[in-house]
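Encoded as structure tokens, the structure appears first; notes follow it.
Bear in mind that the values in this text are calculations on the coordinates, not laboratory data. From a predicted model like this one, the values you see are computed outputs, not experimental measurements. Neighbour counts are summed over all protein chains in view; Cβ atoms, including those assigned to glycine, are modelled from backbone coordinates with ideal geometry.
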Amino acid sequence: MDSSEHAIYRAAIQGDRDAFEIVIRSVSRNLFAIAYGILQNREEAEDVVQDTLVKAWKSRWRVRDSDKLPAWLSSVARHRARDLARKRRPEPLPEAFEADEVVEFESAGQKADLDGEVRSALAQLPELHRVALTLRYFEELDYGTIEKTLGLTNGALRGILGRALGLMRKRLKPALASTG
Amino acid sequence: MATTHEQIDEMLAADLHDELTATERVEFHAHLVECAECRQAFQEGKNMNRILNEIMADKRADAGFEQRMVSRFRDRVPKRAGLIGLVTDLLRVRAVQLTAAAAILLALAQMGRMITGESASPKLRDEDSATMLENASGVDKAGATRDAGVFAKTDDRLKALSPVTQNAPPPSPPLDAVTSTVPKPRTEMVAGLTKTKKSEFKDEKAPASAAETTAETPAEPSASPSSVGPTANRKLIRNATAELEVASFDDSIQKVTAFASEEKGYVATTSSEKQENGKLRGEIVVKVLPDNLDRFLGKLRGIGDLKNQALTTEDVTKAYFDTESRLKNARLMEQRLIEILKTKSKDVADLLEVEKELGRVREQIETMQGELKFMDSQVAFATVTITLAEKNMNIPAAFLLKEKAQLSLYATEVEKTYNEIKALASPKVQITNAQIDRDNTGRVSARLSLLLAPEESEAVIARIKGMARVENFQVQTDRVSQGGDGLGENAKTERDKVELNITLSRDEQEIALQQTSLRIQTPEVNDKAKQLRAIAEQQNGRIRSSSFSRDTNGREYANVSLRVPMKNYNALIQSLNGLGNVENVSVRRDDRPDSQVDEANAPADVSIQVYSQGNIVSEETGIWATLRRTIGQGAAALMWSVRMIGVAVAFLAPWALIIGAVGWVARRVSRARTARKQAADQEAGRS
């Protein structure tokens, strides 16, 4: 992080709206990716980003280390998205069943439905894995930036993404093999 | 490559995402060549990567996303304007929060102090600080005598306190000079010398300086006479004071002198003065042997009435022996210095220094000897201070008669009378003060003070009395005795000038001797009122006020109040009967037995209401009156409740504010804590 970024974060925390808008521009895509990763719904994700920004502005004084502002924003967005997911889908089980059904159904079906399979496999991943994947595929961020955004320790992301892709690969093995 | 194989998922993902280092990539691809299983995985992974990229591509945020976020943010968080924004922003800064909390706490503490009436800053007790100062200077002093070069800087205070430092030579060469003359191995370094010398001096001078302080103690009793008896080695200073009333001062002094010599004592001092009343009053200080003190006091009672007596004993034993031992030390010091002077005389400067020191020590010795001698004298004799006063048997030489007269007058025209009195001024009638006051309601009053020659006074007073009506006259005569040793019955009496104070006020202000009110009912109010005025005129009365009114029911009222001299009162009342139906007569009379009242001319007030018949119904009945009363009471109740609410608010609001503030802070803190905890949990869960 260079010093200008640092200064901007600090100014934003101290209530400089212009600085905060710069921060919005730089992080909102990532936040969207995170929210989408959790919610799998664009409208909801956008709302979450919006709420996150407003809420973050109002409680920005809680950030003590201004360098961690992006990570903090991410965690706020994750909490909000998770809350929303919990609220809108109080029972995650039926979806899982549905997803399984789809997988089974489609594994027997055409290749064109591979997208759907991938999506449902995605939905069954743990949240953190899903968020990391989304960040990677939406914004094509390098591992270092993703780790920083999600507040992960150095090198943890490689394991997470590896596991995520591995899980999906195993789940989708038949389909992938045939496509190959 | 076992590790690569085991970590195939990880390596695969990193390779697809271009996050492998060069070496890792080489290793990874080498492994793929070797391992079919991993090759298969690699193929699948590549496929999935492509599919994911395709799927995600149309889900990611569109181009205008950031702008949308910013503008919506602007909509949802309007800029706070001006001061409020500034303050709220400021309050978010932790330092400001802490400062504000501290300020509030301080303010509360201050308020508490104000309520309990403590002083804001802890007060250092004067005595304490004084003592501390004393101690400090004591230390300083010791240091001064010990340390080289400090001779020069004894401060004034110390000089006053100690004869020793006082006499120290102001410009002083360093003590090293003295030091070098001290019998010590010459090989020692100067510093070492100084040190040892210092410690030597300490022994001798510390007590010396202490002696100076105690020197003050024995000095004190010298102010109040005292005597000490050799009561088993104790050094006691005994003092007694006695106050006596005697018939003759001179006789008493003789008696006291006789008693004193009987008890092996003597009269130290006597003093006397003649008082205003011719009596003598004086003081005798007698010294007697302490053992005989009680007997002496017993005898003293015989010479007059003992009015009070006090006996005090002060134990100076400690101070005495302290001084004595210090004296011993000082003498030793003197001896040593003399020795030095004799044997070690080398350098002239050194010699001078030793000489000076010797002088100082000798002075000290003398002072202490003086103290001891003084204490001895105090102890040897008890001091009795006797105050003698002659009894009051005074006969005045002459009497002076002082007359003071007070005269209060009522005049119709105050100013005219005032001027008439002023015109009386002559050598025998001095006007010392004259003033006339007019207040804002137009009432006039005047005050005069006169000094009258005694022979003229009665005539003048009589004349003044004739100018107006006397309300009150008082004379007070004081017989003042003059001179002391008098001639008894033969004392002549003189009359002094008569002081006369006059107050003049308009007669209208006079309170009427008799007040009458009555009502006359008649159909023609206006006519009767006019007749009433005529009657008043006849009877030498004056109309003081009159009014006429007619109410909505057509009833007419005429109110007339008038004042007549008492002698005409009855005639007036008689003639009123002719006007109509007199009713509701009430009479009140103020009897003033203590003042000389000119009854015939004293005023009587009559207030008359002439009214026409009407249907007189009380206003306080009927539906309207009730309604009005109810509304009035309701309004009063409402006002009262508003006031009570105000009081309640004043009572509760500060507490509500404080509780609210505390709650707000607590909520903030707990929220911050949970947020931190959640973050930590997450971190833990993730890793």
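Modelled label-to-label distance, B:Arg301 and B:Glu324, 7 Å Cα→beta-carbon offset: nm?
Label-label distance for B:Arg301 and B:Glu324, simple model: 3.6 nm.
Sort A:Leu161, B:Leu372 by Cβ crowding within 10 Å, fewest neighbours at the top.
In increasing order of surrounding Cβ atoms, one gets B:Leu372, A:Leu161.
Let me confirm one metric for peptide A:64-73, namely the mean number of other chain beta-carbon atoms within 10 Å of its residues' beta-carbons.
Averaged over the peptide's residues, the number is 1.
If packing is taken as the average number of other Cβ atoms within 10 Å across a peptide's residues, how do B:520-526, B:661-667 rank, most packed first?
The densest-packed peptide leads the list: B:520-526, B:661-667.
Take every residue in peptide A:56-62, count the Cβ atoms of other chains within 10 Å of its Cβ, and give the average of those counts.
Mean partner-chain Cβ count within 10 Å for A:56-62: 4.
Once R0 is set to 30 Å, what does the formula 1/(1 + (r/R0)^6) return for the Cβ-Cβ distance between B:Val480 and B:Asn308, expressed as a FRET efficiency to the nearest 0.05?
Working from the Cβ atoms, E equals 0.45.
How much net charge surrounds B:Val429 when only the other residues with a Cβ under 13 Å from the Cβ of B:Val429 are counted, with Lys and Arg +1 and Asp and Glu -1?
Result for the local shell: -1.
Give me B:Leu108, A:Leu165, B:Leu289, B:Leu500 ranked fewest to most by other Cβ atoms within 10 Å of their Cβ, as a rough exposure proxy.
Exposure proxy ranking, most exposed first: B:Leu108, B:Leu289, B:Leu500, A:Leu165.
Over 18 Å between C-alpha atoms is what I'm after, so list which of A:Lys173/B:Lys59; B:Lys402/B:Lys465; B:Lys264/B:Lys299; B:Lys402/B:Lys497 land there.
A:Lys173/B:Lys59; B:Lys402/B:Lys465, as the Cα separations exceed 18 Å there.
Using only Cα atoms, locate the centre of segment B:99-113 and the centre of segment B:347-384, then give the distance between them in Å, rounded to an integer.
61
Provide the per-residue ³J(HN,Hα) series for segment A:119-136, in order, calculated from phi with Karplus coefficients 6.51, -1.76, 1.60 and θ = phi - 60°, each as a whole number of Hz, with x at glycine and proline positions.
Result, rounded to whole Hz: 4, 6, 5, 4, 4, 8, 5, x, 4, 4, 4, 5, 4, 4, 4, 4, 4, 5.
If you plug each phi of segment B:70-75 into the Karplus form 6.51 cos²θ - 1.76 cosθ + 1.60 with θ = phi - 60°, what whole-Hz ³J(HN,Hα) values come out, in order, with x for Gly and Pro?
Couplings: 5, 5, 5, 4, 4, 5 Hz.
In whole Å, what is the distance between the alpha-carbon centres of segment B:624-687 and segment B:236-255?
80
Using the count of nearby Cβ atoms within 10 Å as a rough guide to exposure, how do B:Met11, B:Met69, B:Met467, B:Met644 rank from fewest to most?
Ascending number of Cβ neighbours within 10 Å: B:Met644, B:Met467, B:Met69, B:Met11.
Distance in nm between label sites at B:Asn53 and B:Glu599, each 7 Å beyond Cα in the beta-carbon direction?
For the pair B:Asn53/B:Glu599, the computed spacing is 13.8 nm.
Report the gain in length on full extension from B:Leu352 to B:Arg676: 0.36 nm times residue separation, minus Cα-Cα distance, nm rounded to one decimal.
108.4 nm
Between B:Val26 and B:Phe65, 0.36 nm times their residue separation minus their Cα-Cα distance comes to what?
10.0 nm
Compute the Cα gyration tensor for segment B:638-687, then decide on rounded, prolate or oblate, letting a ≥ b ≥ c be the square roots of its eigenvalues: rounded whenever a/c is under 1.5, prolate when a/b is larger than b/c in the other cases, and oblate in all that remain.
Because a/c hits 1.5 or more and a/b exceeds b/c, segment B:638-687 counts as prolate.
Determine, from the Cβ-Cβ distance of B:Thr630 and B:Ala650 and an R0 of 35 Å, the FRET efficiency 1/(1 + (r/R0)^6), rounded to the nearest 0.05.
Efficiency, from the Cβ-Cβ distance: 0.70.
What full-extension length gain, to one decimal in nm, is calculated for B:Ala684 and B:Ala107 as 0.36 nm per residue of separation minus the Cα-Cα distance?
My answer for the length gained is 203.3 nm.
Quick one: Karplus J couplings for segment B:468-477, per residue in order, coefficients 6.51, -1.76, 1.60, θ = phi - 60°, nearest Hz, x for Gly and Pro?
8, 8, 7, 8, 7, 9, 9, 10, 10, 10
In nm, give the distance between the simple-model label positions of B:Lys530 and B:Ala423, each being 7 Å from the Cα along the Cα-to-Cβ direction.
Result: 4.1 nm between the two label points.
Apply 1/(1 + (r/R0)^6) to the Cβ-Cβ distance of B:Val585 and B:Glu494, taking R0 = 56 Å, and write down the FRET efficiency to the nearest 0.05.
Once rounded, the FRET efficiency stands at 0.45.
Taking a label point 7 Å from the Cα of B:Lys79 along the Cα→Cβ vector, which residues of segment A:16-43 have an amide N closer than 16 Å to it?
Only A:16-22 pass the distance filter.
Find out how many positive minus negative residues lie around B:Ala635, taking Lys and Arg as positive, Asp and Glu as negative, among other residues whose Cβ is under 14 Å from that of B:Ala635.
In short, +3.
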